[in-house]
Each structure stands twice: as C-alpha cells, then as structure tokens.
Amino acid sequence: MLNYMKDEVLKGKKIFYPLKTASNGRPVAGLFFFRGKPDAPFAIICPGGGFQYVGAIHEGFPIAKFLAGKGINAFVIVYRDGSAQAACDDLAQGIDFIFDHAKELQVSTKNYSLWGGSAGARMAAYLGSYGATEFGGKTKQRPSAVIMEYTGHTDISGTEPATFAVVGDQDGIASPWTMEQRINRLKAQGTPAEFRLIRGMPHGFGLGTGTPAEGWAQEALDFWLKNSK
C-alpha cells in the first residue's frame, strides 16, 4: 500500500492536500487522494481510532485503493484526534476543499459518498445527517450515501441519506444489534438502507481481504451507485 503511494509520488502525482497546519507548519489534518477516473464521483473515507488516533493505514488506504480501482476518486481524511467535534469539523472542511478544487482535482461533486469505520463511521453519519454546514463548512450539498462499518452510532435526524452498514457478529465494541436497529429505524422513515452481518468477524476488519468480510466493499459501492440521484 505504501509502495503504491510512493510510486504515485514518483510519477509526479500529488497525493496529500493539507487542510489545517500547526504553528510550526506541520499538517494536523489533510486528505490523501487516490485517483480514479477523471470527473468520476468522489468518496471520503474516515478511518477509526476512537478519536484518539487515525487508523488510516488499516481502515482508510485499502478501501480508497479499492474504490480507485473501480474508477471512483477516493480521499482518506486524516483528522485531528481528541474529540468527535474536531473530527467532524475537519471532515466538513475536507468536503469544502474538494468542492472548491473539483476542477483541479478532476472530480465530480455530484452524488458523493462518505465512508467510515468505527469512530470514522460516526463522522460519516453525523455529516450525512446534518450536513457540512452544521460543522463549520459551507457546502450545502449532502452525500448521496453513507457507508458505515462497525459503530454503535444511534443518532438520527430524520433527513439521512441512503445508508449501508456492516458489522461482525463477534464485535465486542460495536453491538450488531445497535447497528441493525438504526438501519431498521432508517427504513421505517423511508430512507434506503441495508444491513450486513458478517459471521465470525470481530471489530476493525477494514476491507476484510482474505476473511469472511471480503466483498462487503463491493456491495457497499453497488448500494451507493444504485442510490445516486
């Protein structure tokens, strides 16, 4: 994975776009870009980490590379740790950045999606439910779909986009029942929603390559594209 990113840089491609910097100039939030087809839709992947760290190598980059291989322009956000509020604010800024630089990045801003695992799934869900403007952003356009891996997120605003959720039945952190109940509530309000329970899988399986979870990302991608308006 890291060699792939290194090769992209050696080809002269820019792969990292800072969003926020510290006083010493060090980036504290930014977007890694995995290019798909020019003018294809984009997805932002929000890795987990309990808002204490950002698990981009495990829960971000592999999913982004998978999506780029399918022609999707995929971004992995590295956000500030410490709180859900700061993380969601950074995600809102990331959405603004992509919309503001869509021509330069060669991405379509129509029917974008937000993906996340664990704490990152909470971020994706919050922005899907309330929009970037509720977190300091200016972009009013909501995502056409939210893709959630293993989280105990229960909040519902009543205006959710199409939502796909996946969790393992051996997850000791994110209750499968909690995730399924949220999906059922979304369905009850008329929101397109799907739930996948993966047998034998614990928390944090990421892309799930070589495990019973392998293939969920393709299902999620199909769900997003089916629900793009």
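In table form, for the structure just shown:
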{"item": "Where a residue in region 89-110 is more than 14 Å from Asp39 (Cα to Cα) and its partner, wherever it lies, is surrounded by fewer than 20 Cβ atoms within 10 Å (Cβ to Cβ) and modelled with pLDDT under 95, with Cβ under 8 Å and at least six apart", "result": "Asp90/Lys20; Gln93/Lys20"}
{"item": "Phe135 being over 19 Å from Phe223 (Cα atoms), open to solvent by 10 Å² or more (accessible area, probe 1.4 Å) and in contact with a Cys (Cβ under 9 Å, 6 or more places away or on another chain)", "result": "yes"}
{"item": "Residue list for region 1-38, restricted to those being touching a residue at least 60 places away in the same chain (Cβ under 8 Å), within 23 Å of Leu91 (Cα to Cα) and aromatic (Phe, Trp, Tyr)", "result": "Tyr17, Phe33"}
{"item": "One residue from Tyr53, Tyr130 being modelled with pLDDT under 95 and surrounded by fewer than 20 Cβ atoms within 10 Å (Cβ to Cβ)", "result": "Tyr53"}
{"item": "Any hit, region 78-90, residues being among the polar types (S, T, N, Q), closer than 23 Å to Gly136 by Cα and modelled with pLDDT of 95 or more", "result": "yes"}
{"item": "Hits in region 131-174 - residues which are closer than 18 Å to Cys88 by Cα and aliphatic (A, V, I, L, M)", "result": "Ala132, Ala145, Val146, Ile147, Met148, Ile156"}
{"item": "Residues (out of contact with any Leu (no Cβ under 8 Å at 6 or more places or on another chain) and under 15 Å from Met148 (Cα atoms)) located in region 217-229", "result": "Gln218, Glu219, Ala220, Asp222, Phe223, Trp224"}
{"item": "Criterion: of a type in the set (Asp, Glu) and either modelled with pLDDT under 90 or in contact with a Lys or Arg (Cβ under 8 Å, 6 or more places away or on another chain) (or both) - qualifying residue of Asp7, Asp39", "result": "Asp7"}
{"item": "Selected residue (criterion: farthest from the chain's Cα centre (by Cα)) from residues of region 150-188 that are closer than 15 Å to Ser129 by Cβ and charged (D, E, K, R)", "result": "Arg185"}
{"item": "Within region 182-201, tally of residues that are touching a residue at least 12 places away in the same chain (Cβ under 8 Å) and surrounded by fewer than 14 Cβ atoms within 10 Å (Cβ to Cβ)", "result": "3"}
{"item": "Filtered residues of region 97-109 (kept if closer than 23 Å to Gly136 by Cβ and either open to solvent by 20 Å² or more (accessible area, probe 1.4 Å) or in a strand (DSSP E or B) (or both))", "result": "Phe97, Phe99, Asp100, His101, Glu104, Val107, Thr109"}
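The values are calculated or read from the model by the stated rules, or taken from the named source; none is laboratory data. Everything numeric here is computed off the predicted structure, so don't read it as measured data. Methodologically, a virtual Cβ is constructed for each residue, glycine included, from the backbone with ideal geometry; neighbour enumeration extends over all protein chains shown. Heavy atoms of the whole protein, side chains included, go into the accessibility calculation; ligands, DNA and RNA do not. Shrake-Rupley method; radii C 1.70, N 1.55, O 1.52, S 1.80 Å.
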